[in-house]
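Scroll down for the structure; my scribbles are underneath it.
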Amino acid sequence: MAFDIRRIDPLDLQPRKAIGVKIPFSSNSIFESTYQTKDAIRTNLINYLLTGQGERYLNPTFGTPLRNLLFENITQSKVEEVKNIIRQGVGIFFPNVNITSLNVQPNPDSNIITVDFSYNITDTNIEDEVVINFEQ
């Protein structure tokens, strides 16, 4: 008889302990805290995708060059490049995140790229989705 073992992060067992900060900063106070691993990982993924390479002090490899691609012609090869950048970066910096679907919708007339991906966390039942619009 096989069992489907799922891990629960120990931080999720302490409901009043904040483990991160939500992005975007849109609450009445400056920062809104996250209290679950699902929310913290989602925020970390958004932060990673919105951070340019070389932007993070003492960690120049963190981030993506996705904003730089907006100043180039958006072609099908650029869309594939965006997909590869996201898959490789998430694989390196978030090894416990498995991307289940990745859609990149270009809008070349207004230099907007919409990135929509679903993911799950290894050995947990956490699944979520992230949608980001990269605009010039």
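Each reported figure results from applying straightforward, stated rules to the coordinates on display, with no laboratory input. Predicted model only: the values in this text are computed from it and were never measured. Because the Cβ atoms are built from the backbone with ideal geometry, glycine has one as well, and the counts that use them run over all protein chains shown.
Here the Debye sum runs over all C-alpha atoms of the stretch 10-135 as equal scatterers in vacuum, and log10 of I(q)/I(0) at q = 0.18, 0.19 Å⁻¹ comes out as -1.06, -1.15. 3J(HN,Hα) couplings calculated from phi for the stretch 32-41 with the Karplus curve 6.51 cos²θ - 1.76 cosθ + 1.60 (θ = phi - 60°) are, in sequence order, 10, 7, 10, 10, 10, 4, 4, 5, 5, 5 Hz; Gly and Pro show x.
The distance between label points at ASN120 and ARG87 comes to 1.8 nm (points 7 Å beyond Cα on the Cα→Cβ vector). Between the beta carbons of ASN107 and ARG56, assuming R0 = 30 Å, the FRET efficiency works out to 0.60 to the nearest 0.05.
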